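First the structure, in the form of structure tokens, and then the observations on it.
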Amino acid sequence: MPYKIIFTDIDGTLLNKDRELSQLTKEVFRALQKKVPVVLISSRMPQAMTHLQQELHIEHQPLICYNGGLIIVDGKKVGSTEIPVAVVKSLEEFNSGLDCHLSLYNNEDWFVPAMDEWAKREENNTRVTPEVKPAKEVIQEWEAQKKGAHKIMCMGKEEKIDAIEKYLLNEFRNELHLYRSKPTYLEIANKRVSKLTAIKVLLDQYFHLSLKEILAFGDNYNDYEMLKAAGMGIAVGNARPEILKIANEITHEGKKDGVALSLQKLFNLT
């Protein structure tokens, strides 16, 4: 087996229908411990990933959060790329006429304008409780602290999200990466980062491995570059058509233990 490290997405890829780790997944990852390191890579914030690391017994491994915007090794930030606060401010001002939900993230902080249906849904999905604070206040504090956002999540009616996406493409096309995870969701990150850029940092500086030696699992648009560059890029059965097209292999759906079943086969696990 030429693959010496595994990178796997979480939502839509690794979790079951209850958005939890199945017993089979836990058993397979436990069996992999002596064979290869496994790194979780997601658009999630750190706290929404560490409990999964603990369940999989891989808390000693690095974390790639915010689609590559934050890289953590041994509990310390080794890579951090933020959206400039001026961009956040411009978006907040444009959104004042739309009133979409804006979740603002920096490191382990998650700010929401209110505990509305969107915040509650994300809280349920990630097991993290946000801090309620108006976006204007967050921006003022970030300006003073010279901080930006590792991620912005816009949530609202599809036509309003369309308007935000169009505005950002017109104003900040060269600065932002826009990822439409679903019609009512728009995730925003700095254009200089992706899951692949973060993987390269870890491969070069910590694992000293090549892209040909990695095995990667994903399902959505933000996994495209990672899967295409990996020595073995595997899409779960429920992946987007564009992801299925470029994957080296297609496994079962994420909710049906696709990652675990694929790893069992590839690493001859019982």
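Whether any residue in the range 30-44 is on the phi < 0 side of the Ramachandran plot, basic (Lys, Arg), buried (at least 16 other Cβ atoms within 10 Å of the Cβ) and not in a helix (DSSP H, G or I) is what I want to check.
yes
What number goes with the only condition from (1) among the acidic types (Asp, Glu); (2) under 19 Å from residue 62 (Cβ atoms); (3) surrounded by fewer than 17 Cβ atoms within 10 Å (Cβ to Cβ) that residue 249 does not pass?
The failed condition is (2).
The rows are residues; the columns are (1) under 25 Å from residue 161 (Cα atoms); (2) of a type in the set (S, T, N, Q); (3) within 16 Å of the chain's Cα centre (by Cα); (4) surrounded by fewer than 17 Cβ atoms within 10 Å (Cβ to Cβ).
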position: 59; (1), (2), (3), (4): no, no, no, yes
position: 79; (1), (2), (3), (4): no, no, yes, no
position: 97; (1), (2), (3), (4): yes, no, no, yes
position: 100; (1), (2), (3), (4): yes, no, no, no
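For residues that are hydroxyl-bearing (Ser, Thr, Tyr) and free of Cβ contacts under 8 Å to residues at least 40 places away in the same chain, tally how many sit in the range 71-99.
Qualifying residue count, the range 71-99: 1.
Filtering the range 208-217 down to residues that are surrounded by fewer than 18 Cβ atoms within 10 Å (Cβ to Cβ) and of a type in the set (A, V, I, L, M, F, W, C), which residue is nearest to residue 265 (Cα to Cα)?
Restricting to residues being surrounded by fewer than 18 Cβ atoms within 10 Å (Cβ to Cβ) and of a type in the set (A, V, I, L, M, F, W, C), the top hit is 211.
Quick one: in the range 177-194, of everything that is surrounded by fewer than 21 Cβ atoms within 10 Å (Cβ to Cβ) and without any contact (Cβ under 8 Å) to a residue 40 or more places away in the chain, which residue is farthest from residue 110 (Cα to Cα)?
Result: 183.
Which one is surrounded by the most Cβ atoms within 10 Å (Cβ to Cβ) among residues in the range 218-236 that are under 22 Å from residue 72 (Cβ atoms) and of a type in the set (Gly, Ala, Ser)?
The selected residue is 218.
Could you pull out the residue among 185, 206 that is more than 17 Å from residue 82 (Cβ to Cβ), of a type outside the set (Lys, Arg) and not assigned by TED's automatic domain parsing to the domain that holds residue 25?
185
Being in a helix (DSSP H, G or I), in contact with a helix residue (DSSP H, G or I) (Cβ under 8 Å, 6 or more places away or on another chain) and closer than 24 Å to residue 94 by Cα is the filter here; which residues of the range 106-137 pass it?
Once the filter is applied, which keeps residues that are in a helix (DSSP H, G or I), in contact with a helix residue (DSSP H, G or I) (Cβ under 8 Å, 6 or more places away or on another chain) and closer than 24 Å to residue 94 by Cα, the range 106-137 yields 135, 136.
Name the residue that is surrounded by the fewest Cβ atoms within 10 Å (Cβ to Cβ), counting only residues in the range 158-176 that are out of contact with any Ser or Thr (no Cβ under 7 Å at 6 or more places or on another chain), farther than 25 Å from residue 195 by Cα and not small (Gly, Ala, Ser).
159
Considering only residues of the range 9-25 that are out of contact with any helix residue (DSSP H, G or I) (no Cβ under 6 Å at 6 or more places or on another chain) and farther than 18 Å from residue 187 by Cβ, which is surrounded by the most Cβ atoms within 10 Å (Cβ to Cβ)?
Here the answer is 22.
What is the number of the single condition among (1) surrounded by 15 or more Cβ atoms within 10 Å (Cβ to Cβ); (2) in a loop (DSSP other than H, G, I, E, B); (3) not charged (D, E, K, R) that residue 87 does not meet?
It is condition (2) that residue 87 fails.
Say we look at the range 211-255 and pick out the residues that are touching a residue at least 40 places away in the same chain (Cβ under 8 Å) and assigned to a helix (DSSP H, G or I); which of these is nearest to residue 66 (Cα to Cα)?
222
Condition first: in a helix (DSSP H, G or I) and not β-branched (Val, Ile, Thr). Can you find one or more residues in the range 180-197 that meet it?
Looking for residues that are in a helix (DSSP H, G or I) and not β-branched (Val, Ile, Thr), one finds at least one in the range 180-197, hence yes.
The values are calculated or read from the model by the stated rules, or taken from the named source; none is laboratory data. Quick caveat, the model's predicted, so the values are computed rather than measured. Neighbour counts are summed over all protein chains in view; Cβ atoms, including those assigned to glycine, are modelled from backbone coordinates with ideal geometry.
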